Amino acid sequence: MNFLERLFLPPQASTHAKVVDDVFIFVTWVNIIFFVIVAAAAIFFVIKYKRRGPNDRTPHVTHNLTLELVWSIIPLFIVMIIFFWGFQTYMVARIAPNDSFEVQATAKKWLWAFEYPDGTRSINELHVPFGRPVRVVLSSEDVLHAFFLKDFRVKSDVLPNRYTEVWFEATKPGEYVLQCAEYCGKDHSRMLGKVFVDNKADYDRFIAEGPADWKTMPPAELGKMTYEQAGCVSCHSLDGSKGQGPSWKGIYGSTHQFVDGTSQVVDENYIRQSIENPQGKIVKGYEGIMPTYQGLLREKQINGVIAYIKSLK
Amino acid sequence: MANATSTHTHTGTSQPQLNYLTENTSLKDWLTTIDHKRLGLMYLAAVMAFFFVGGALALLLRLELLTPKQDFMDSATYNKVFTLHGAIMVFLFIIPSVPAALGNFVLPLMLGAKDVAFPRLNLASFYVYCLGAIMALAAIIGGGVDTGWTFYTPYSTTTDGPVGLMAMAVFVLGFSSIFTGINFVATVHKLRAPGMGWFQLPLFVWGIYATALIQVLATPVLGITAVLMVMERAFHIGIFDARLGGDPVLFQHFFWFYSHPAVYIMILPGMAIISEIIPVFSKKTVFGYRAIGFSSVSIAFIGFLVWGHHMFTSGQSDLASAIFAFLTYLVAIPSGIKIWNWLATMYQGSIEMRTPMLYAMSFLLLFAIGGLTGLYLGAISVDIHLHDTYFVVAHFHYVMMGGTVIAFLGGIHYWWPKMFGKMYNEKLADIACWIIFIGFNVTFLNQFMMGSQGMPRRYWTYLDEFQRYHIGSTIGSWILGFGLVMAAGVLLSSLRKKEYDAGDNPWGSRTMEWETISPPITHNFEGQPVLRHGPYDFRVEPTPATVAGGRH
C-alpha cells in the first residue's frame with residue numbers, strides 16, 4: 001500500500017480491496033488537484049487583487065462562453081470516468097464465482113449467527129477456508145442491519161424480507177473484524193463479529209471441535225467468553241441490575257419463580273434447559289423473548305456457561 | 001456613498017424617524033406582526049436557539065466518544081442524543097435557517113417590495129413552525145426518540161418511545177416549510193420592482209426561488225411518508241413491515257425522495273448568499289450571472305432524481321444504482337460551475353476582506369471539500385465501503401455545516417447592519433470566523449480519516465484503533481463550539497450600542513435592500529423604488545438610500 005492508501009484506508013485483505021482502493025486513490029488525486037486549484041486561486045486572488053482604495057475600478061466582465069464550456073466539460077469528462085470505473089468495479093463485487101464456499105448469516109439484535117454447509121453453527125465468529133471465494137447469504141430476523149468487513153471493502157444491508165449477499169476472497173489467512181453498519185438500536189456498536197480466514201487444517205479443526213483455544217481454556221473462562229460473544233451480555237447483567245433477562249449475579253442455588261406459578265432451584269440442569277429451551281420456563285417479571293441456543297453452542301460452551309454462572313457470587 | 005445615520009428626519013420635523021424595530025413595540029405587536037422583517041428576526045431567534053441546542057447535543061456526543069468506554073451516557077441515551085442532534089439540526093435549524101430567517105428579511109427588500117405576497121400566510125408559517133417545535137420538544141420530554149433522524153423502518157415502527165409524535169412534528173414542520181416556499185414563489189413572480197426583469201434579480205433571489213420550488217414540490221412527500229410511518233406504528237397497515245407484506249426499503253425510497261432534494265433546500269440558499277457576498281466585496285460584477293442562476297434551477301431539478309444514491313447498499317437493483325450514480329455525477333457539474341464563477345468574479349476584482357467575505361472564502365474552501373468528497377460516494381464500489389461510516393458523516397457536515405451554516409453566518413454578518421443598523425466589532429468577528437474554520441476542520445477531517453478507515457457511524461463504542469481520530473475530532477468540536485459562541489457574542493454585543501452607526505450601505509452593495517435606511521422603515525421604502533442598475537453593476541455609484549421626501 002502506498003502513502004495515501006495507508007493514510008486513508010484499512011489493510012487490503014481481499015482480492016476486491018485493491019480494486020476498490022484504486023478507484024479511491026484516483027478520486028483522491030482528482031480531489032487534490034481540484035482543491036489545490038480552487039484554494040490557490042482563491043488565496044492568490046485575495047492577495048493579488050486586494051483593494052487599494054475607494055477608487056479601484058474593476059473590469060465589467062459578464063461571462064465568457066468558451067471558458068465556461070471548458071470548465072464544465074472537463075469536469076464532466078472526469079466524473080464520467082469515475083462513474084464508469086466505480087460501476088464496473090461494483091458489478092465485479094456483485095457476482096460471486098460459481099465455486100464459492102457458501103455460508104448463511106443471520107443478523108438479529110445484536111448478534112450474528114452463521115450456518116455452515118455441514119450444518120455447523122457459530123455465533124459472532126465466522127470461519128472460512130482460505131483460498132476460496134466465500135459467498136455469505138444474509139438475512140435479518142428483526143430490523144435492518146449491515147454486514148461490513150472493512151478490510152475486505154464489502155458491505156451489504158441485511159433485510160428482514162429478502163436475502164442479500166456479499167462475496168469475498170481473502171488474500172491472506174487471519175482474523176478480521178465484522179461490524180454492523182446499519183443502525184439497529186441499543187447495542188448497534190457492540191454488534192461485532194470476527195471473521196477467521198483459516199488454513200484448511202484450522203478450518204477442519206474448527207468444524208470438528210470449535211475454535212482451538214477452547215481446549216486449554218478453564219470452563220468458567222470459556223463461559224465468560226461465550227457470555228460476551230453469544231449475545232448473553234445484551235440481556236443478562238453481571239451486577240444484579242435488571243435487564244431484559246434476569247441478572248446472573250448470585251442466581252446459582254437461588255430459587256426462580258415462574259410466570260406459571262411454579263418455582264425451581266437454579267442448578268446445572270435448569271441452566272441447560274434455559275439455554276436450549278428458554279420458552280419452557282419464564283421467570284416472573286420478564287418476557288419470553290430469548291431465542292433458543294440449541295445447536296448454536298457446543299457442549300463445551302454450555303458447560304462453560306454453567307461454570308461461569310456458578311462463579312458469579 | 002450615502003452614510004446616513006440614525007437621525008433620518010422627515011422634512012420639516014426633528015423627530016427621529018421610526019423604523020420597523022421602534023414602531024409599535026408591544027409584545028402583541030410583535031406576536032401578531034405580518035411584517036416580513038420582524039418575522040425574519042423571530043425566525044432568526046428561533047432557529048438560532050435550536051442551533052444552540054443541537055450544537056450543545058453535538059458537543060455531548062463528541063465528549064462521550066472521547067473514549068470507547070462509557071464516559072457519562074449509556075448507549076440508549078447516546079442513541080437518543082444523536083437522533084435529537086440530527087432531527088433538530090435538519091428540521092428545526094438548517095431547513096428554515098436561510099430561507100425563513102434571512103430570506104424573509106431580505107427577499108422583499110431585494111425586490112423593492114413592501115412585504116411578501118401573502119403576509120398572513122407568513123405569520124401562519126411561523127406559528128406552524130412553533131407548533132412543530134413544541135411537538136418535537138414534547139416528544140423529547142416524553143422520553144426521547146432513538147430512531148435516528150432518518151426514521152428507517154422497521155426499527156422506527158417497532159422501537160419504544162414517542163416516535164409517532166416526533167414524526168408528526170416533522171409533518172407539521174413540513175407545512176411551515178411549504179407555506180414559506182409558496183410565499184416566496186408568489187413574491188418573486190408578482191412583487192418585483194418596476195424594471196426588474198428575471199435577469200435583474202439578485203442571485204440570492206434565484207437561489208431562494210429554486211429552493212422554494214423544491215420546498216413546495218418535495219415536502220409533501222415527507223409529510224405523506226411520516227403519516228404512513230405513524231399509521232404503520234399505530235395500526236400495522238403493512239406498508240413497510242415485512243411481516244405484514246410490506247417492504248422496509250420502500251420507506252427509504254420515500255424518505256430520500258424528500259430528503260435528497262432537502263439537501264438542496266439546505267445548500268442552495270447558502271450558495272445564494274455567497275453569490276451576493278463575493279461580487280460585493282470584489283467590487284466586480286458577478287461572472288456568469290445566468291450560469292449561476294440556471295445552475296441553481298438545474299440543481300433543483302436534477303436533485304429530484306438522485307435519491308437512490310443513499311441506498312447503494314440497500315439491495316436496490318444494480319441498474320437503479322447505476323442510473324442514480326450517473327445522475328449524481330451530473331448534479332456535481334452545476335455545483336462546480338458555481339465555484340468557478342465565484343473565483344472568476346474575484347479575478348481582477350478589488351477585494352476587501354471584511355468579515356462577510358472572510359466567511360465566503362471559508363465557505364469556498366469547505367464547500368469545495370464537501371463537494372469533492374462527494375465524488376468518492378458517487379463511485380458505487382467505493383461507496384459500498386464508505387456507506388454508513390464517518391466518512392459520510394464528515395462529507396455531509398462539510399456540505400451542511402461548512403457550506404450552509406458558514407454561508408448563513410456570512411449572510412448574518414453581511415445583513416446584520418441592515419437588520420439592526422449597528423455594526424459589530426469586525427476584528428473580533430474575523431477572529432471568531434478563523435476559530436470556527438480551524439475548529440471545523442479539526443473536527444471533521446478526523447472524521448474523514450476514521451470513516452474511510454472503517455469506523456461506522458452511530459456507534460456509541462468503537463475499536464481502539466479509531467480512538468486517536470475521535471480524540472482529535474472531540475478537541476476540534478470544542479474549538480468549533482467556542483468559535484460559534486464567540487461569533488454570537490460579538491454580534492449580540494453590537495446591539496448594546498445606542499446609535500445606529502452602521503450606515504445604510506456599509507459594504508457599497510448594488511442590490512435594492514441597501515437603498516433604504518438601516519434599519520428599514522416598516523414599509524421598507526418611501527414610495528416605490530425603481531430599478532436603476534443591475535444587482536452587481538459596479539460601474540455606477542450605488543443608489544443612495546431613500547428618505548422621506550426623497551426620490552420616488
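The values are calculated or read from the model by the stated rules, or taken from the named source; none is laboratory data. From a predicted model like this one, the values you see are computed outputs, not experimental measurements. Because the Cβ atoms are built from the backbone with ideal geometry, glycine has one as well, and the counts that use them run over all protein chains shown.
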**Asked** Counting just the residues of segment A:19-56 that are of a type in the set (Phe, Trp, Tyr) and closer than 30 Å to B:ALA379 by Cβ, which one comes out surrounded by the most Cβ atoms within 10 Å (Cβ to Cβ)?
**Response** A:PHE24
**Prompt:** Among the residues of segment B:316-357 satisfying the criterion of being outside any helix (DSSP H, G or I) and under 24 Å from the mean Cα position of the chain (by Cα), which is farthest from the other protein chains (Cβ to nearest Cβ)?
**Reply:** B:ARG354
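Out of B:ALA368, B:ALA360, B:ALA429, B:ALA394, report the one residue that is assigned to a helix (DSSP H, G or I) and away from every other protein chain (no Cβ under 14 Å).
B:ALA429
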**Item:** Unique match (being at the interface with another protein chain (Cβ under 10 Å from one of its Cβ atoms), over 18 Å from B:PRO261 (Cα atoms) and either outside any helix (DSSP H, G or I) or at pLDDT below 95 (or both)) among B:THR313, B:THR373
**Value:** B:THR313
**Request:** Please enumerate the residues belonging to segment A:98-128 that are over 13 Å from the mean Cα position of the chain (by Cα), part of a strand (DSSP E or B) and among the charged types (D, E, K, R).
**Result:** A:GLU102, A:GLU115, A:ARG121
**Message:** Just checking, does segment A:148-155 include any residue being facing chain B (nearest Cβ under 9 Å), in contact with a Ser or Thr (Cβ under 6 Å, 6 or more places away or on another chain) and within 16 Å of A:VAL103 (Cα to Cα)?
**Reply:** yes
**Request:** Collect the residues in segment B:34-74 that are within 25 Å of B:TYR20 (Cβ to Cβ) and small (Gly, Ala, Ser), keeping them in residue-number order.
**Result:** B:GLY40, B:ALA45, B:ALA46, B:ALA49
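Kindly evaluate A:GLY261 against the criterion of being more than 23 Å from A:GLY304 (Cβ to Cβ), touching a residue at least 60 places away in the same chain (Cβ under 8 Å) and of a type in the set (Gly, Ala, Ser).
no
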**Failed item in (1) in contact with a Pro (Cβ under 8 Å, 6 or more places away or on another chain); (2) on the phi > 0 side of the Ramachandran plot; (3) not small (Gly, Ala, Ser), with B:ILE299 passing the rest** = (2)
**Request:** Scan (1) farther than 26 Å from B:TRP340 by Cα; (2) touching a residue at least 24 places away in the same chain (Cβ under 8 Å) for the single condition A:ARG6 breaks and write down its number.
**Result:** (2)
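A quick yes/no check of all residues on (1) at pLDDT below 95; (2) of a type in the set (A, V, I, L, M); (3) touching a helix residue (DSSP H, G or I) at 6+ places or on another chain (Cβ under 9 Å); (4) farther than 30 Å from B:SER75 by Cβ:
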| position | (1), (2), (3), (4) |
| --- | --- |
| A:PHE35 | no, no, yes, yes |
| A:ASN55 | yes, no, no, yes |
| A:GLU68 | yes, no, yes, yes |
| A:ILE81 | no, yes, yes, yes |
| A:ASP99 | yes, no, no, yes |
| A:GLN104 | no, no, no, no |
| A:LEU111 | yes, yes, yes, no |
| A:PRO133 | no, no, yes, yes |
**Prompt:** Can you name the number of the only condition in (1) buried (at least 19 other Cβ atoms within 10 Å of the Cβ); (2) small (Gly, Ala, Ser); (3) in contact with a helix residue (DSSP H, G or I) (Cβ under 6 Å, 6 or more places away or on another chain); (4) modelled with pLDDT under 95 that B:SER275 fails?
**Reply:** (4)
**Prompt:** From A:VAL19, A:VAL23, which residue is under 24 Å from the mean Cα position of the chain (by Cα), within 30 Å of A:TYR203 (Cβ to Cβ) and of a type in the set (A, V, I, L, M)?
**Reply:** A:VAL19
**Item:** From the options A:TYR308, A:TYR286, residue that is assigned to a loop (DSSP other than H, G, I, E, B), surrounded by 16 or more Cβ atoms within 10 Å (Cβ to Cβ) and more than 26 Å from the chain's Cα centre (by Cα)
**Value:** A:TYR286
**Complete:** Checked segment A:129-143 for anything assigned to a loop (DSSP other than H, G, I, E, B) and either surrounded by fewer than 24 Cβ atoms within 10 Å (Cβ to Cβ) or more than 9 Å from chain B (Cβ to nearest Cβ) (or both); matches are A:PHE130, A:GLY131, A:ARG132, A:PRO133, A:GLU141, A:ASP142
**Prompt:** In segment A:4-18, is there at least one residue being assigned to a loop (DSSP other than H, G, I, E, B), among the hydrophobic types (A, V, I, L, M, F, W, C), facing another protein chain (nearest Cβ under 8 Å) and under 30 Å from A:VAL154 (Cα atoms)?
**Reply:** yes
**Prompt:** Only one residue in B:PHE126, B:PHE82, B:PHE91, B:PHE151 is of a type in the set (A, V, I, L, M, F, W, C), within 22 Å of B:MET266 (Cβ to Cβ), assigned to a helix (DSSP H, G or I) and within 13 Å of another protein chain (Cβ to nearest Cβ). Which one?
**Reply:** B:PHE82
**Request:** Determine if segment B:20-36 includes at least one residue that is surrounded by 16 or more Cβ atoms within 10 Å (Cβ to Cβ), modelled with pLDDT of 95 or more and not in a loop (DSSP other than H, G, I, E, B).
**Result:** yes
**Fill in**
Selection over segment B:481-506 where residues are crowded, with 23+ Cβ neighbours inside 10 Å and modelled with pLDDT under 95 yields a count of 4
